[in-house]
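Step one of this worksheet: look at the structure below.
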């Protein structure tokens, strides 16, 4: 893959160059030392992926990500910055603007098997699989839905944190339906993202644990690199299978498990994101008679997943982000 590096620190740039050089299939296309230059280079020489720092001159990585993703030539962005934990809120802001993931800057002198180099290359490989993925998992059956209260199932990827904050923040404090969220996010950031989202909404937001049951008025966030499923007993479980999917955790896997095992109604929502994950699962939900919603193009940071859903006819409603919370509140009262 062709890779653009955006970082104003020469040592960090050199560390990334050395890491990338370990893979002959990757090459550094260009290096930008600030956000403004990155936006210009992405337009002039579009890379396959950008390794974006967060704190830089002129404008930071969050604003650079926002401008690149809104341009005519958007591309995959991986946040690569020092002290990820201390910069967690900036990471979530960048992911809300369209970045796919985040990882610590590799260290100079880190060997091929060193943690920081290995993690960076693993993230680049994961994005490569995402870009190449044909998408999709098998459709679930079409048995009639059972009665009972609704569960809100939300899938999101690039741009998701900001969209989720908007929706959860727009729900009333007495919103009674359980919510389960599958957001493409590394396990290292899931707990912090749940805490961040918890501060954006009157509802309780926490990570989903093995054996949890969806609870009214509580939003549970998938918290590992394994897939989240609902079991026949109505509890949540994590599973490595299917292993081949490039999306971990997979929205399709969770949506399809609901068609098989959830005894009540489901409201399926597919938000901004790169690729096609969730589109076939949303279609399966609609085929079973559930209400399904996809975010519209104008308000999506990355119009990939919801576009795939719209193309399949998976969404009963295609809505701007600002209307989704109100729609959920109305549907939950039915």
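What are the residues in the range 298-324 that are over 20 Å from residue 95 (Cα atoms) and not in a helix (DSSP H, G or I), if any? Correct list: 313, 314, 315, 316, 317, 318, 319. Pairing each residue of the range 267-293 that is without any contact (Cβ under 8 Å) to a residue 40 or more places away in the chain with any residue that is assigned to a helix (DSSP H, G or I), provided the two are 6+ apart or on different chains, yields C-beta distances under 6 Å for 292/282; 292/285; 292/286. Just checking, does the range 167-184 include any residue being within 30 Å of residue 116 (Cα to Cα), assigned to a helix (DSSP H, G or I), in the same structural domain as residue 237 (by TED's automatic domain parsing) and touching a helix residue (DSSP H, G or I) at 6+ places or on another chain (Cβ under 8 Å)? No, the range 167-184 contains no residue that is within 30 Å of residue 116 (Cα to Cα), assigned to a helix (DSSP H, G or I), in the same structural domain as residue 237 (by TED's automatic domain parsing) and touching a helix residue (DSSP H, G or I) at 6+ places or on another chain (Cβ under 8 Å). In the range 41-48, the condition of being within 30 Å of residue 199 (Cβ to Cβ), free of Cβ contacts under 8 Å to residues at least 60 places away in the same chain and not in a helix (DSSP H, G or I) is met by no residue.
If you check 248, 229, 209 for being part of a loop (DSSP other than H, G, I, E, B) and within 18 Å of the chain's Cα centre (by Cα), only one passes: 248.
Residue-wise test of (1) assigned by TED's automatic domain parsing to the domain that holds residue 198; (2) touching a helix residue (DSSP H, G or I) at 6+ places or on another chain (Cβ under 9 Å); (3) buried (at least 24 other Cβ atoms within 10 Å of the Cβ); (4) in contact (Cβ under 8 Å) with a residue 24 or more places away in the chain.
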residue	(1), (2), (3), (4)
215	yes, no, no, yes
234	yes, yes, no, yes
247	yes, yes, yes, yes
254	yes, yes, yes, yes
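When the range 251-276 is filtered for residues that are in a loop (DSSP other than H, G, I, E, B) and within 15 Å of residue 315 (Cβ to Cβ), the ones remaining, listed by number, are 271, 272, 276.
Considering (1) closer than 30 Å to residue 163 by Cα; (2) without any contact (Cβ under 8 Å) to a residue 40 or more places away in the chain; (3) part of a strand (DSSP E or B), the lone condition that residue 28 does not fulfil carries the number (1).
Considering every residue within the range 64-79, establish whether at least one is closer than 17 Å to residue 13 by Cβ and surrounded by fewer than 23 Cβ atoms within 10 Å (Cβ to Cβ). Checked against the condition, which is being closer than 17 Å to residue 13 by Cβ and surrounded by fewer than 23 Cβ atoms within 10 Å (Cβ to Cβ), the range 64-79 yields at least one hit.
The set of residues from the range 46-74 being in contact with a strand residue (DSSP E or B) (Cβ under 6 Å, 6 or more places away or on another chain) and more than 16 Å from residue 105 (Cα to Cα) comprises 47, 48, 65. Any chance the range 289-297 includes a residue that's in a strand (DSSP E or B), surrounded by fewer than 23 Cβ atoms within 10 Å (Cβ to Cβ) and at pLDDT 95 or above? Checked against the condition, which is being in a strand (DSSP E or B), surrounded by fewer than 23 Cβ atoms within 10 Å (Cβ to Cβ) and at pLDDT 95 or above, the range 289-297 yields at least one hit.
The values are calculated or read from the model by the stated rules, or taken from the named source; none is laboratory data. Values in this document were obtained by computation on a predicted structure and should not be read as measured data. Heads up, the Cβs are rebuilt from the backbone with ideal geometry, glycines too, and the neighbour counts pull from every protein chain shown.
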